[in-house]
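To keep things clear, I will list the structure first and then write my remarks on it.
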Amino acid sequence: MSPFILLESAPSSMLGNIIVVSGAFLILLVLIKKYAWGMVTAMLDARAKKINDDIDSAENARLKAEAFATQRETELAGSRDEAIKIINNAKDTAESNKAKIVAEAAEEARRAKQRANEEIEQSKKEAISGIKGNVADISVKIAEKLIGETLDASAQSELINQYLEKLGE
Amino acid sequence: MEKSWSFHIGPVYFDGAVLVMTVLTCAIIFGFVFWASRRMTLRPKGKQNVLEAIIDFVNGISKDNMGATESRRYSLFVFVLFMFIFVANNIGLMTKIEGSNELTYWKSPTADVGVTLALSLMVSLVATLSSIKRFGFKGYIKHAFLTPAAMLPMNIMEEFINFLSLALRLFGNIFAGEIVIGLITRIGNIEVYYLPLAILLEVAWTAFSLFIGALQAYVFVLLSTMYINEKIAKEE
């Protein structure tokens, strides 16, 4: 007698099927939980965490970069101001130097001119006094020649001086 | 009606084809999940992608119905439920092995009403036990049947209707698919020149059955999560 019988002639196998499927399902559940599920969920959680962290760190990096950019900008503006200040300073200094140099030069020129004038004046005086002496001597000699060497030189020099003075005016 | 070999342990009779196919289904699922979950990497590739896509899909169903926090606690159950029904629905489409006396050795486990009732029963049990765990036994009775009290008969009926409709919908769809596959093979058996027609029809029907099988797995899981959520949701 075979243990296998046709379903049609056998009592319903519904209860048996329920037991089989429930048992198989539970065993499958336990097996998957034991051998696979932990790894899968751990991986999914790890990925979710990583994505979260990445988003956070990207956000942080963005904020940092923005802060950096604004810092750079202010620094740049500062250095621009500084450059303008330096240029202005240099301009002022140059301006004042220029004025000073011009004034000094003018003074120097004035002094040189003055000195030259004084020297000219001095030379003129010397020349005139030299000429005076010479003219007196020459006049006396001429007079002596003319009058015939009778003229007393010292007595005549008074007369000649008077004449010369008239000449000089 | 297809026949199946059967044996009994004491007073309980077992359907051999269902037993074999159920074990095969479980083996396929476990094999796939075990294989796909080896050497998992943070950057998914290949088989890991497939597994994660399925898990994501199933989690998406339960998340829509239960919310993110509740669905996490049931994700393993729902995932195994989906995989089991999906594989069980489609495994019967692969081939047809018939012995003498029209004995069937190969069929979808879910084409047997006992199997779908077992699955539906498990969903009901999970829902009821979750509710009892959450609200206590009195709380469960009040929550499930007496809100409002006048609806008690309706609520009792609803319990059975949910349980039965869940099982019978799945059974009906898959069983009908199997029957039609059987009929189409008969066409091929009539005369040899009917064979191309039978093969063409078989291809079309198998494609349709794959679609139905996947859809029914989705519907079963969708409704299961809804029923569970109904039992555990706090009153607003």
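Could you list, in sequence order, the residues of region B:166-180 that are out of contact with any helix residue (DSSP H, G or I) (no Cβ under 6 Å at 6 or more places or on another chain), small (Gly, Ala, Ser) and within 19 Å of B:Phe84 (Cβ to Cβ)?
Listed by number, the list holds a single entry, B:Gly172.
Within the group B:Leu197, B:Leu183, B:Leu210, which residue is out of contact with any helix residue (DSSP H, G or I) (no Cβ under 7 Å at 6 or more places or on another chain), open to solvent by 40 Å² or more (accessible area, probe 1.4 Å), assigned to a helix (DSSP H, G or I) and closer than 30 Å to B:Glu102 by Cβ?
On the way: B:Leu197 fails: out of contact with any helix residue (DSSP H, G or I) (no Cβ under 7 Å at 6 or more places or on another chain); B:Leu210 fails: out of contact with any helix residue (DSSP H, G or I) (no Cβ under 7 Å at 6 or more places or on another chain).
None of the others qualify; the one that does is B:Leu183.
Determine if region B:224-231 includes at least one residue that is open to solvent by less than 30 Å² (accessible area, probe 1.4 Å) and touching a His at 6+ places or on another chain (Cβ under 9 Å).
Residues of region B:224-231 that are open to solvent by less than 30 Å² (accessible area, probe 1.4 Å), as a first pass: B:224-225, B:228, B:231.
Now drop any that are not touching a His at 6+ places or on another chain (Cβ under 9 Å), which leaves B:231.
Taking every residue of region B:224-231 in turn, at least one turns out to be open to solvent by less than 30 Å² (accessible area, probe 1.4 Å) and touching a His at 6+ places or on another chain (Cβ under 9 Å).
For B:Cys26, only one of the following conditions fails: (1) surrounded by fewer than 21 Cβ atoms within 10 Å (Cβ to Cβ); (2) touching a helix residue (DSSP H, G or I) at 6+ places or on another chain (Cβ under 9 Å); (3) part of a helix (DSSP H, G or I). What is its number?
So the condition that B:Cys26 fails would be (1).
Residues to consider are B:Thr41, B:Thr116, B:Thr69, B:Thr110; find the one that is in a loop (DSSP other than H, G, I, E, B) and β-branched (Val, Ile, Thr). Don't jump to the end; show me each part of the working.
Working: B:Thr116 fails: in a loop (DSSP other than H, G, I, E, B); B:Thr69 fails: in a loop (DSSP other than H, G, I, E, B); B:Thr110 fails: in a loop (DSSP other than H, G, I, E, B).
Unique residue meeting the criteria: B:Thr41.
Determine whether B:Ile55 is in contact (Cβ under 8 Å) with a residue 40 or more places away in the chain and in contact with a Phe, Trp or Tyr (Cβ under 9 Å, 6 or more places away or on another chain). It would help to see each step written out before you state the result.
On the way: in contact (Cβ under 8 Å) with a residue 40 or more places away in the chain: no; in contact with a Phe, Trp or Tyr (Cβ under 9 Å, 6 or more places away or on another chain): yes.
Answer is no for this residue.
Residues B:Arg73, B:Arg43: which one is open to solvent by 10 Å² or more (accessible area, probe 1.4 Å), within 9 Å of chain A (Cβ to nearest Cβ) and within 21 Å of A:Arg47 (Cβ to Cβ)? Spell out how you get there, then give the answer.
Values: B:Arg73 fails: within 9 Å of chain A (Cβ to nearest Cβ).
Just a single option satisfies the conditions, and that option is B:Arg43.
The values are calculated or read from the model by the stated rules, or taken from the named source; none is laboratory data. If you're wondering where the values come from, they're calculated on a predicted model, not measured in any experiment. Reconstructed Cβ throughout: ideal geometry from the backbone, glycine too, with neighbour counts over all protein chains shown. Surface accessibility is based on the protein's heavy atoms, side chains included, excluding ligands, DNA and RNA. Shrake-Rupley method; radii C 1.70, N 1.55, O 1.52, S 1.80 Å.
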